[in-house]
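K.L.:
Take a look at this one; I'll ask things after.
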Amino acid sequence: MTPLNGARVLVTGASGRIGPVAVAHLRAAGAAVTTLSIGEHPGLEAERVLVGDTRSQEDVANALDGADFVVHLAALAHRDIAPPFDVYTTNVVSTFNVLAQAGAAGIGRAVVAGSINAYGLPMNRHEVVPAYFPLDTDIPVDIADWYSLSKHHGEGTARMAWRQWGIDVVTLRFPHVHDEHALLAQSKQLEQDPKAGLREAWSYLHTEDAARSIVLALTAGTTGAHAFFLAANTTVAPYRTEDLLDKFAPGVPRLRRFVGREVPIDLTPARELIGFEAHRDLPIPTLDL
Ligand SMILES: NC(=O)c1ccc[n+]([C@@H]2O[C@H](COP(=O)([O-])OP(=O)(O)OC[C@H]3O[C@@H](n4cnc5c(N)ncnc54)[C@H](O)[C@@H]3O)[C@@H](O)[C@H]2O)c1
């Protein structure tokens, strides 16, 4: 018996990379899942599979019918995936539409896929570096692209929805999420060009851990609207974190020292607010930089 046993959960964007794994975890926890995605996913198994648009009031109202919880993953998930207008408007309108309708319908809790990009630096085209390490949610924001802006504004929408309708919302600021094969390939690239990972703090998360975090966020006891970083405990770069920071961010203050390949992101809120700890660390050796 889990807290999700028999609960009806709407998952938007279920046909993407994270969605099918999240749906499988939710169903394994006993939830009855409705999915709403603009794209079809032939192998997707759920109690109700809907094809529709999260920007449409009608499609979202239909998908929310009978739901107890919402997991909102639908987005145009990269700056360059579509024209700037489409990326920004799809993401902010979808998040508003889903949370506003869920809140107005009296649904008590939602989990939203945020992004590490909400602080703006990873996709920033200027030579900017984080104000300090570890990254935390107080770090100064510097946004230079429409995808990052959409994720930043999504967090404001979540706070508004909580204040207006009392719906509790957890926004998970995911780093690069992928399976082990793809993460190992990224690690090889960073072995050659470690500086490329600096502004993402060399962070990553296995898709299975992302799905676990969604279930935890949905069942946690925290109330209100919260947004925080999530990541594996280690970095995807095969070098010691202190060595990486000495070389690529020598002038950037460190609020503490990092042990081995410890990810330089503050994971305390993820631990304290939803009890999340990543299980899937990449099996890579630590090299000298
Ligand atoms: N994968 C990552 O590395 C990563 C990192 C940070 C944040 N995120 C966020 O996590 C979420 C899921 O990411 P993903 O990698 O699975 O994305 P993805 O691109 O693989 O899938 C996106 C999903 O959204 C759906 N979608 C897009 N526009 C829609 C619309 N107008 N109406 C209905 N559905 C629509 C697609 O059909 C698909 O199911 C996104 O919000 C993304 O921004 C992902």
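K.L.:
Between residue 29 and residue 182, 0.36 nm times their residue separation minus their Cα-Cα distance comes to what?
P.N.:
52.4 nm
K.L.:
For a quick check: with amide H placed at 1.01 Å from N, whose amide H comes under 5 Å from residue 135's, ignoring anything fewer than 5 positions away on the same chain?
P.N.:
Long-range HN contacts for residue 135: 265, 266.
K.L.:
Okay, helix-only estimate at 222 nm for the chain: each DSSP H run of n ≥ 4 adds -39500 (n - 2.57), divide by all residues, round to 500 deg cm²/dmol; what do you get?
P.N.:
-11000 deg cm²/dmol
K.L.:
Which residues in the stretch 267-289 place their backbone N less than 17 Å from a point set 7 Å from the Cα of residue 192 along the Cα-to-Cβ direction?
P.N.:
Taking a point 7 Å out along Cα→Cβ of residue 192, no residue of the stretch 267-289 has its backbone N under 17 Å.
K.L.:
Report, please, the projected area of the chain averaged over directions, based on the convex hull of its C-alpha atoms, in nm².
P.N.:
Working: hull surface 57.3 nm².
Here the figure is 14.3 nm², rounded to one decimal.
K.L.:
Please compute the net charge surrounding residue 95, taking Lys and Arg as +1 and Asp and Glu as -1 over other residues with Cβ under 12 Å from its Cβ.
P.N.:
Working: positive: 55, 151, 159; negative: 155.
Once all neighbours under 12 Å are counted, the net charge is +2.
K.L.:
Rounded to whole Å and sorted largest first, list the principal axis extents of the Cα atoms in the stretch 228-282.
P.N.:
Result, largest extent first: 34, 24, 15 Å.
K.L.:
In the neighborhood of residue 109, defined by Cβ-to-Cβ distances under 14 Å, what is the net charge if each Lys or Arg adds +1 and each Asp or Glu adds -1?
P.N.:
With Lys, Arg at +1 and Asp, Glu at -1, the net is -1.
K.L.:
Lys/Arg Cβ at +1, Asp/Glu Cβ at -1, dipole of the chain taken about the Cα centre: which of 222, 102, 245 is farthest positive-ward?
P.N.:
Farthest towards the positive pole: 222.
K.L.:
Using the heavy atoms of the protein chains alone and a 1.4 angstrom probe, what is the accessible area of the chain per residue in square angstrom?
P.N.:
Accessible area per residue, the chain: 43 Å².
K.L.:
Relative to the Cα centre, what is the charge dipole magnitude of the chain, using +1 at the beta carbon of each Lys and Arg, -1 at the beta carbon of each Asp and Glu, and rounding to the nearest 20 debye?
P.N.:
340 debye
K.L.:
Defining a contact as two alpha carbons under 8 Å apart and six or more residues distant in sequence, what relative contact order in percent does the stretch 152-256 show?
P.N.:
Relative contact order, the stretch 152-256: 39 percent.
K.L.:
Run the numbers on the stretch 49-96 and let me know its relative contact order in percent, using alpha-carbon pairs under 8 Å that are six or more apart.
P.N.:
34 percent.
K.L.:
Let me check something: with ligands and nucleic acids excluded, how do 279, 226, 72 order by accessible area (1.4 Å probe), largest to smallest?
P.N.:
Ranked list, largest accessible area first: 279, 226, 72.
K.L.:
Looking only at 212, 254, 27, which one moves most when the chain is put into a Gaussian network model with springs between Cα atoms under 10 Å?
P.N.:
Among 212, 254, 27, the largest GNM mean-square fluctuation belongs to 254.
K.L.:
Another one. Residue-wise, which Karplus ³J(HN,Hα) couplings in Hz belong to the stretch 30-38, taking 6.51 cos²θ - 1.76 cosθ + 1.60, θ = phi - 60°, and x for glycine or proline?
P.N.:
Result, ordered by residue: x, 7, 9, 10, 9, 10, 9, 9, 7 Hz.
K.L.:
Can you pull the percent of the chain's accessible area that's carbon plus sulfur, 1.4 Å probe, other chains left in place?
P.N.:
On the chain, the fraction of accessible area on carbon and sulfur atoms equals 52 percent.
K.L.:
For residue 51 and residue 138, calculate 0.36 nm times their separation in residues minus their Cα-Cα distance, and state this gained length in nm to one decimal.
P.N.:
27.5 nm
K.L.:
Report the Cα-based extents of the stretch 131-289 along its three principal axes, largest first, to the nearest Å.
P.N.:
Result for the stretch 131-289: principal-axis Cα extents of 52, 31, 29 Å.
K.L.:
May I ask you to compute the full-extension gain from residue 252 to residue 40, defined as 0.36 nm times their residue separation minus their alpha-carbon distance, rounded to one decimal in nm? Mind showing how you got there, number by number?
P.N.:
Numbers: separation 212, 0.36 × 212 = 76.32 nm, distance 4.49 nm.
Extra length from residue 252 to residue 40 when fully extended: 71.8 nm.
K.L.:
Mean separation of Cα pairs under 8 Å and 6+ residues apart, divided by the residue count of the chain: what relative contact order is that in percent?
P.N.:
For the chain, the relative contact order is 17 percent.
The values are calculated or read from the model by the stated rules, or taken from the named source; none is laboratory data. Note that this is a predicted model, so its numbers are computed, not measured. Heads up, the Cβs are rebuilt from the backbone with ideal geometry, glycines too, and the neighbour counts pull from every protein chain shown. Please note that ligands, DNA and RNA were not included when accessible areas were found on the heavy atoms of the full protein model with its side chains. Shrake-Rupley method; radii C 1.70, N 1.55, O 1.52, S 1.80 Å.
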